[in-house]
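The values are calculated or read from the model by the stated rules, or taken from the named source; none is laboratory data. Keep in mind that this is a model prediction, so the values were computed, not measured. Cβ: placed from backbone, ideal geometry, glycine included. Neighbour counts: every protein chain shown. Ligands, DNA and RNA are stripped out before the accessible areas are found, and what is left, the full protein with its side chains, is counted by its heavy atoms. Shrake-Rupley method; radii C 1.70, N 1.55, O 1.52, S 1.80 Å.
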Amino acid sequence: MSESYAGKINRKLLKKRRIINAAAGREPADLVLKNAAYVNVFSNEICHADIAVAEGLIVGMGTYSGAVEHDCAGKIVLPGFLDAHIHLESSLVSPKEFVKAVLPHGTTTVITDPHEIANVMGTDGIEYMLQATEDLPVDVRFMLPSCVPATPLDESGAILDYRAIDSFYDHPRVQGLAEMMNFVGIIAGDDQPVEKIVAAQAHHKKIDGHAPDLVGNDLNAYIAAGVYSDHECHDLNDAIAKLERGQFIMIREGTAARNLEALAPLLCDKYSERCMFCTDDKHPNDLLEKGHIDYIVKKAIGLGVDPITAVKVACHNAARYFLLNNRGAIAPGYLGDFVIIDNFQDFNIEKVFKKGELMVENGVVKDFPVPEIEQYLVDRAHDTFHVGTLTAEDFTDHRPRGIIGMVDGEITTVDAGYSDRIDVEYDVLKIAVVERHKNTHHIGVGFLQGYGLKSGAVATSISHDSHNIIVVGTNEADMAAAVNRVVELNGGIVVWDGGRPVAEVPLAIAGIMSDEPLVTVNEKLEAAKEVAHGLGVGRGIDPFMTLSFMALPVIPSLRITTRGVFDVTSQSYV
């Protein structure tokens, strides 16, 4: 039987009295961090006091006793960190595994955009992620995908207009509308993207941006439409222009894009209040070897940023932006989310508390319950491939096709002319995208130069943003075999050579995430990279990440889609 309204009020009243009594010192607190030196994000200084927690909330700083006490003498206590923009799917593991990875690094809240899984499963993908993150010890908040598909050129698993996502705004963990990548459509006043902004505003929600290098009146139009932030700034002048027009700047330091060094000058008295940190995409090796938001804070301090400013940007600013008014600070009424470090220089995290509960000590994560996901959604997430068996003939086409020329160290490309055949000696390989959501048998074929593969084929079901199967190879038979193996795995990464898979990373959740632990996934991924490099892929190239971006038709100049090679600049097929 559900609890009555009067019962709920009475329960909350008892809890509130407990908080007040603990704050006043009439009752012992649940937790006290004794002798704490803590960052005060309001006065921008280090303060000293006992920090008391009751019912998961900080109730006071002063002199307190508690049922559980931790002596913090010689340590520094910080508020829990907040990632302002991430796609959890980029970690390649389930949300529970992601949490196990980031919690030891002091992250207690993340704002995720589930547009990767939504491009595969539509609204079922959003619901899957909501259920998979319920009551985890990292608070996972959501921004609803604004661009599914990313462009009209994509063939994704779903098309989500504003009506499809509208009911999700009522969910208590939904903060707003995620990165509006279709800035061209907004500036032109196109119906679909503008409708989504109007609907988000009707729900009084935040709207995040994605507008690299937008300037002048076009930038004015984009912001005037109601876009409040940007995480695509890679240049200081671009960031300041947006900040001057009222946008908040998410300084991104992830796996695919690293902008902290360029934007570190923003972390000063003049600008830092409008800044926050995000990772956007964070791959397994980065999470294991470098860390998460703590890595950005430590790097910022190393670049000369004031430590208190760096910490404030890592927690308080994002909390204020997203109206999460009970986190991001150490003060009465705020969540008992703490990170305890040794010092600002070494920045070793020794303990992490979530709502007053010790969740991490010396890197070891306390066990926590795994959320239950509706069986229909589990089954649906493990059955997202609808592709017939392919043969070499499916990739054979003797007409000249455009050559996508890779650029060293970049995900941008150049037009490298045309070819009608594979030429391994000149590093001209065949590349294709296979539609995998609706069994349309649409296969776009072109050529790729600069990848370096000398034998076999590489295929992956991670291909942004629609996540069809992208494959590159030295011959059509190996390309077909690699794609077929991806389908057999229900998704993943496959390196094929000599008539067999020589490396593979299964990604059975929607073809983009694994059911396995992060460490296992990382081991398989790094081993697969080594195999690909051994087959000739250049050492300066991430064999799979690079390939995944070749299918995103919003990055100049040439891309590959299910309909062929596309020139992003001229908006035409070549």
Checked Lys355, Lys351 against criteria (among the basic types (Lys, Arg) and open to solvent by 80 Å² or more (accessible area, probe 1.4 Å)); the one match is Lys355
For segment 431-443, which positions are crowded, with 24+ Cβ neighbours inside 10 Å and in contact with a Ser or Thr (Cβ under 6 Å, 6 or more places away or on another chain)? Val433
Taking the stated definitions as given, is Gly450 at positive phi, surrounded by 22 or more Cβ atoms within 10 Å (Cβ to Cβ) and not hydroxyl-bearing (Ser, Thr, Tyr)? no
Per-region count, segment 500-559, residues assigned to a strand (DSSP E or B), without any contact (Cβ under 8 Å) to a residue 40 or more places away in the chain and not basic (Lys, Arg): 4
For Ile493, are the conditions met, namely being assigned to a strand (DSSP E or B), without any contact (Cβ under 8 Å) to a residue 60 or more places away in the chain, closer than 28 Å to Glu155 by Cα and under 23 Å from the mean Cα position of the chain (by Cα)? yes
Any chance Asp415 is without any contact (Cβ under 8 Å) to a residue 40 or more places away in the chain, open to solvent by 40 Å² or more (accessible area, probe 1.4 Å) and acidic (Asp, Glu): no
Restricting the search to segment 298-312, which residues are within 18 Å of Val339 (Cα to Cα) and not charged (D, E, K, R)? Ala300, Ile301, Pro307, Ile308, Thr309, Ala310, Val311
Can you find a residue in segment 351-359 that is of a type in the set (Val, Ile, Thr), in contact with a Leu (Cβ under 7 Å, 6 or more places away or on another chain), outside any helix (DSSP H, G or I) and touching a residue at least 24 places away in the same chain (Cβ under 8 Å)? yes
Return yes or no: is Glu425 at pLDDT 95 or above, open to solvent by 70 Å² or more (accessible area, probe 1.4 Å), under 23 Å from the mean Cα position of the chain (by Cα) and of a type in the set (Asp, Glu)? no
Is it the case, given these coordinates, that Phe368 is open to solvent by less than 70 Å² (accessible area, probe 1.4 Å), part of a loop (DSSP other than H, G, I, E, B) and farther than 21 Å from Gly492 by Cβ? yes
Take Gly409 and tell me if it is at pLDDT 95 or above and not charged (D, E, K, R). no
Subset of segment 375-406 (residues that are over 21 Å from His437 (Cβ atoms) and open to solvent by 50 Å² or more (accessible area, probe 1.4 Å)): Gln375, Glu393, Thr396, His398, Arg399, Pro400
Would you list the strands (runs of 3 or more DSSP E) that sit entirely within segment 153-264 and hold 1 or more residues that are open to solvent by 30 Å² or more (accessible area, probe 1.4 Å) and out of contact with any Leu (no Cβ under 9 Å at 6 or more places or on another chain)? 248-252
So Cys275 clears everything in (1) more than 30 Å from Lys529 (Cα to Cα); (2) over 20 Å from the mean Cα position of the chain (by Cα) except one condition, right? Which one? (2)
Here the qualifying pairs (Cβ atoms under 6 Å; residues six or more apart or on different chains; first in segment 225-238 and more than 22 Å from Asp83 (Cβ to Cβ); second polar (S, T, N, Q)) come out as Gly226/Gln201
I need the helices (runs of 4 or more DSSP H) fully contained in segment 274-341, keeping only those with at least 1 residues that are over 26 Å from Glu89 (Cα atoms). 293-302, 307-314
Which of the residues that make up segment 536-574 are in contact with a Pro (Cβ under 9 Å, 6 or more places away or on another chain) and surrounded by 22 or more Cβ atoms within 10 Å (Cβ to Cβ)? Val537, Arg559, Ile560, Thr561, Phe566
Just one of (1) of a type outside the set (Gly, Ala, Ser); (2) surrounded by 14 or more Cβ atoms within 10 Å (Cβ to Cβ); (3) assigned to a loop (DSSP other than H, G, I, E, B) trips up Arg26, so point out which. (2)
